[in-house]
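Structure, as structure tokens:
The values are calculated or read from the model by the stated rules, or taken from the named source; none is laboratory data. Model, not experiment: these values are computed from the prediction. Using ideal geometry, Cβ is built from the backbone for each residue, glycine included, and neighbour counts are taken over all protein chains shown.
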Amino acid sequence: MEATRSILLLLPAVSFRSSGHCQTFDLPPCRSAPASHSLRSGDIRAPPLCASTSSSASTARGDYRGPKPKRNLVADWVSNNDEVARSLPIYVGGFALLAVLLNRTFSGIAPVADASSSQSRADILSLSLAVTDLLAGLVWLSIRPKYISPEVPEGVECRRIHSSLPDYAVHELLWAWTSLSDATCCRSLVVVYKNCCLLQIGIASEISSKDGNPTDIDVPCLTQGSLCQKAMQSGKQSYLANLSLYPGRVEFPFLPANTQALILQPIGDSGIAIIGGDTIRGFSSLDQAWITSISEKLDVTLCKLSQL
Ligand SMILES: *[C@@H]1O[C@H](CO)[C@@H](O)[C@H](O)[C@H]1NC(C)=O
Ligand SMILES: *[C@@H]1O[C@H](CO)[C@@H](O)[C@H](O)[C@H]1NC(C)=O
């Protein structure tokens, strides 16, 4: 898994901007409403995409704000040797018990006559410690973490790409989707940038009429939702690890109804990626850090589009 991730990260030619100014490309303008057509070209002009070059450039220059993965040698060893770690107290306790009994046997003290001697008091203390250890081992063996299995998302396959995107941007967005869906529990991805929905891919919920069409994205309604706004204002990733605990999940009607985990990742100042996963707490801290890096790369690419 680790190897797959690093290979995927290296795949695309990285195209970070060296100067502070974006190259501009002329694109047909996009319509921001009505929602059902937001993925096709239209005629209402969105604000120019490079209005906020300075702040998005500063994130590209290594001012990394996302979560960082931590390494803990003991924790790694324990998670790799679960069975051994759990039975360790039993071995230690059993060995200690044996040692105390042998000591008592060979120290030649009459068992009853010397019941109040310092040796007896020490023996009782050591015995209780050894037995506590044994019991702790039994508890560790009987309590095991719950395995959380992935849910099959309920919905339809969806692959909508904004029709006026140039090839390099489409390529970059599809690369991000392939990487995320291969290496993490991500099953749905939506990218909104400058009030345009650029990409809706993966599993999406079905329109209630059951005609097999995925639900459209109402961009103004989505970006005004409290969860999205909070994420975009803070510029920090927001991770809803158990989505069913959040009443705000109604802001994402286009995701499969049984989406288990959700990451809201701001892209620069005016974009957001919505990443739905099929497992509760399925995104590790490494995945989160990695998603933040991908969003910075997407920001650099999408910033070059002058208009959508
Ligand atoms: C048993 O333990 C006591 C306390 O540490 C020690 O003084 C004694 O020598 C030990 N007896 C034997 C036979 O090892
Ligand atoms: C997630 O939230 C639901 C709803 O409250 C709860 O029943 C479930 O146990 C939670 N799952 C985990 C793994 O915390």
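General remarks:
- For segment 122-172, a tally of residues being within 22 Å of the chain's Cα centre (by Cα) and of a type in the set (A, V, I, L, M) returns 2.
- Any chance Leu129 is over 19 Å from Val74 (Cβ atoms), surrounded by 13 or more Cβ atoms within 10 Å (Cβ to Cβ) and modelled with pLDDT of 90 or more: yes
- Asp211 meets all of the listed conditions (1) within 16 Å of ligand 2 (Cβ to nearest atom); (2) out of contact with any helix residue (DSSP H, G or I) (no Cβ under 6 Å at 6 or more places or on another chain); (3) over 25 Å from Leu298 (Cα atoms) but one, namely (1).
- Some residue of segment 213-222 being part of a loop (DSSP other than H, G, I, E, B) and either within 16 Å of ligand 1 (Cβ to nearest atom) or of a type in the set (Asp, Glu) (or both): yes
- Exactly one residue out of Ile280, Ile263 is under 17 Å from Val192 (Cβ atoms), within 13 Å of the chain's Cα centre (by Cα) and assigned by TED's automatic domain parsing to the domain that holds Ala204, and it is Ile263.
Yes/no per residue for (1) crowded, with 21+ Cβ neighbours inside 10 Å; (2) part of a loop (DSSP other than H, G, I, E, B):
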residue	(1), (2)
Arg160	no, no
Ser163	no, yes
Tyr168	no, no
Trp175	no, no
Ser181	no, no
Val190	yes, no
Leu198	yes, no
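- Taking the criterion of being more than 16 Å from Tyr193 (Cβ to Cβ) and either within 17 Å of the chain's Cα centre (by Cα) or within 16 Å of ligand 2 (Cβ to nearest atom) (or both), the residues of segment 221-246 that qualify are Leu227, Lys236, Gln237, Ser238, Tyr239, Leu240, Ala241, Asn242, Leu243, Ser244, Leu245, Tyr246.
- Residue in segment 69-84 that is modelled with the lowest pLDDT, counting only those that are in contact with a helix residue (DSSP H, G or I) (Cβ under 8 Å, 6 or more places away or on another chain) and surrounded by 10 or more Cβ atoms within 10 Å (Cβ to Cβ): Pro69
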